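Participant: My structure is below; once you've seen it, I'll send some questions.
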Amino acid sequence: MKVLSIVVPCYNEEENISDFYDELMKTEAFFHEHDVELEVIYVDDGSKDGTVKNVRALHEKDERVHLVSFSRNFGKEAGIYAGLQKAKGDFVAMLDCDLQDPPALLPEMYGYIINDGYDSIATRRVSRTGEPPIRSWFARRFYSLINKMSRTEIVDGARDYRLMTRQFADAILSLDEYNRFSKGIFSWVGFETKWLEYENIERKKGETKWSFWKLFIYALDGIIAFSTVPLALASIMGVIFCILAFILIIVTIIRKAVFGDPTSGWPSLVCIISLISGVQLFCMGIIGQYLSKTYLEVKKRPIYLVKEEL
Ligand code: UDP
Ligand code: MG
């Protein structure tokens, strides 16, 4: 018998816990036929509602259901990491709790791993229906920007829904960095990945945990985690402004020597000073971003803390 571990990060998902379980169990017959046993790991990310209670109830009913409950909200990336650490399966899948990642795709994904020798099967949505247009626009800009800046390919519309082999899961776990940007980590480790596409499915119950602002910060974190181009940009800007300043000095000297021009024009001076101090602060901000991430990494704080485990 092989084991397939299903990792489900949940944050305030009380309405979805059992719906997800029911939907998943529709694939049970298929996996049983193929000598695969299921194991479900709900990772509660410090929920404030009845999520933990509902998982406990499921655990009473079915001992293949496990719970890892965090001491507070550590974020979905921490949930994914914890789930992968706890998963014992020969294969590991991770899905959102809100049924936006249809468990019905699992048999097909499993087929690709077994028959075609892929190491991981990933999913991407081809449409963004139901999403505010402004958010879609920013998302597309983000993907085109990060792919220009990073050597790691970040696939537009990629979801975190994946099925992977043990080897692939262990590779993900070997990257134990604190600032986790899964979309990049999955791609960074390499191996053969097959992409499945599907239309965006809207969340049935509960609401999304991602505000526009949270997504914006997440995008910045992703760029900093997988690219050092902004740092190079700061140096390039420094060089450009040095050259400009040099040209200005020459022009001023010539003007004074040839035309005896009185050094007038403090408004232009004020403009130049404000422009350059702005650029300086901007560049310092970029360095600060990298420094702050480095600071968090060297502190070596745990990625999550467990309060309860079943
Ligand atoms: N999630 C989590 N911790 C968080 C935020 C979200 O574990 O801090 C989980 C959430 O319960 C869900 C999944 O991550 O199962 C995706 O979240 P959501 O559906 O809110 O994101 P969206 O699908 O809107 O991008
Ligand atoms: Mg969702």
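Participant: With +1 on the Cβ of every Lys and Arg and -1 on the Cβ of every Asp and Glu, and nothing else charged, how large is the dipole of segment 69-115 about its Cα centre, in debye rounded to the nearest 20? All intermediate terms of the calculation are to be shown ahead of the outcome.
Facilitator: Numbers: 4 positive and 6 negative charges, 61 e Å.
Here segment 69-115 has a charge dipole of around 300 debye.
Participant: Right, next: Tell me the Kirkwood hydrodynamic radius of segment 244-289 in angstroms, computed as one over the mean inverse distance between distinct C-alpha pairs.
Facilitator: 12.4 Å
Participant: Moving to a separate point now. Note the full-extension length gain between residue 104 and residue 127 as 0.36 nm times their separation in residues minus their Cα-Cα distance, in nm to one decimal.
Facilitator: 6.4 nm
Participant: Based on DSSP H assignment, which helices of the chain show an axial Cα extent of at least 20 Å together with a mean Kyte-Doolittle hydropathy greater than or equal to 1.6?
Facilitator: The answer, listed by residue number, is 229-254.
Participant: Take the chain, drop everything but the C-alpha atoms, weight them equally and run the Debye formula without solvent; then report log10 I(q)/I(0) at 0.09 Å⁻¹ to two decimals.
Facilitator: For the chain, the Cα-only Debye profile gives -0.55.
Participant: Of the options 57, 290, 70, report the single residue whose Cα projects farthest towards the positive end of the charge dipole of the chain (beta-carbon charges: Lys, Arg +1; Asp, Glu -1).
Facilitator: The Cα lying farthest towards the positive end belongs to 290.
Participant: Which Rg and Dmax, in Å, describe the Cα atoms of segment 120-179?
Facilitator: Final numbers for Rg and Dmax: 14.2, 39 Å.
Participant: So what are the three principal axis dimensions of segment 69-215 from its Cα atoms, in whole Å, longest to shortest?
Facilitator: Result, largest extent first: 40, 37, 36 Å.
Participant: Using the Cα centre as the reference, give the magnitude of the dipole from point charges on the C-beta atoms of segment 7-116 (Lys, Arg: +1; Asp, Glu: -1; all else neutral), rounded to the nearest 20 debye.
Facilitator: Numbers: 10 positive and 24 negative charges, 110 e Å.
Computed about the Cα centre, the dipole is about 540 debye.
Participant: So for the chain, taking the charge dipole from beta-carbon charges (+1 Lys/Arg, -1 Asp/Glu), which of 10, 231, 271 sits furthest toward the positive end?
Facilitator: 271
Participant: Here is a further query. Neighbour counts of other C-beta atoms within 10 Å: give me 248, 84, 310 arranged from fewest to most. Mind showing how you got there, number by number?
Facilitator: Numbers: 248 12, 84 19, 310 16.
In order of increasing Cβ crowding within 10 Å: 248, 310, 84.
Participant: If you put +1 on each Lys and Arg Cβ and -1 on each Asp and Glu Cβ, how big is the dipole of the chain around its Cα centre, in Debye rounded to 20?
Facilitator: Roughly 1780 debye for the chain.
Participant: Follow-up. How much net charge surrounds residue 120 when only the other residues with a Cβ under 15 Å from the Cβ of residue 120 are counted, with Lys and Arg +1 and Asp and Glu -1? Kindly include the intermediate steps, with their values, before the conclusion.
Facilitator: Details: positive: 124, 159, 162, 166, 183, 194; negative: 90, 101, 108, 116, 119, 153, 160, 170, 192.
That works out to -3.
Participant: Compute the distance in nm between two label points, each set 7 Å from the Cα along the Cα-to-Cβ direction, one at residue 204 and one at residue 297.
Facilitator: 4.1 nm
Participant: Name the GluC sites (Glu not before Pro) in segment 14-116 that are in a loop by DSSP and that have at most 15 other C-beta atoms within 10 Å, would you?
Facilitator: Values: sites: 14, 15, 23, 28, 33, 37, 39, 60, 63, 77, 108; in loops: 14, 15, 63.
Loop-located and lightly packed - 63.
Participant: Here's something else I'd like to know. With labels modelled as points extended 7 Å from the Cα through the Cβ direction, what inter-label distance (nm, one decimal) is found for residue 29 paired with residue 176?
Facilitator: Reported label-point gap for residue 29 and residue 176 is 4.4 nm.
Participant: Taking the number of other C-beta atoms within 10 Å as the exposure measure, put 162, 135, 128 in order starting with the fewest.
Facilitator: 135, 128, 162
Participant: Which value, in Å³ per residue, describes the convex hull spanned by the Cα atoms of segment 168-254?
Facilitator: Normalising the Cα hull of segment 168-254 by residue number yields 208 Å³.
Participant: Also, I was wondering about something else. Around residue 161, with a cut-off of 10 angstrom between Cβ atoms, what is the net charge of the other residues, counting Lys and Arg +1 and Asp and Glu -1? Please list the in-between numbers first.
Facilitator: Details: positive: 124, 125, 159, 162; negative: 96, 101, 160.
Cβ neighbours under 10 Å give a net charge of +1.
Participant: Okay, next question. Per residue, what volume in Å³ does the Cα convex hull of segment 160-310 take up?
Facilitator: Convex hull volume per residue, Cα atoms: 236 Å³.
Participant: Put +1 on the Cβ of each Lys and Arg and -1 on the Cβ of each Asp and Glu in the chain; which of 215, 110, 38 then has its Cα farthest toward the positive end of the dipole?
Facilitator: The residue sitting farthest along the positive end of the dipole is 215.
Participant: Within segment 271-296, what residues put their amide N at less than 16 Å from the label point 7 Å along the Cα-to-Cβ vector of residue 244?
Facilitator: 271-284
Participant: 7 Å from Cα along Cα→Cβ at both residue 220 and residue 116: what's the point-to-point distance in nm?
Facilitator: 3.9 nm
Participant: Please tell me which of these pairs span more than 23 angstrom C-alpha to C-alpha: 88/209; 48/76; 214/293; 2/205; 2/86; 76/307?
Facilitator: Beyond 23 Å between Cα atoms: 88/209; 2/205.
Only the coordinates and a few stated rules stand behind these numbers; no lab work does. Nothing here was measured: the structure is a model prediction, and the numbers come from that model. Glycine gets a Cβ as well: all are built from the backbone with ideal geometry, and neighbour counts include every protein chain shown.
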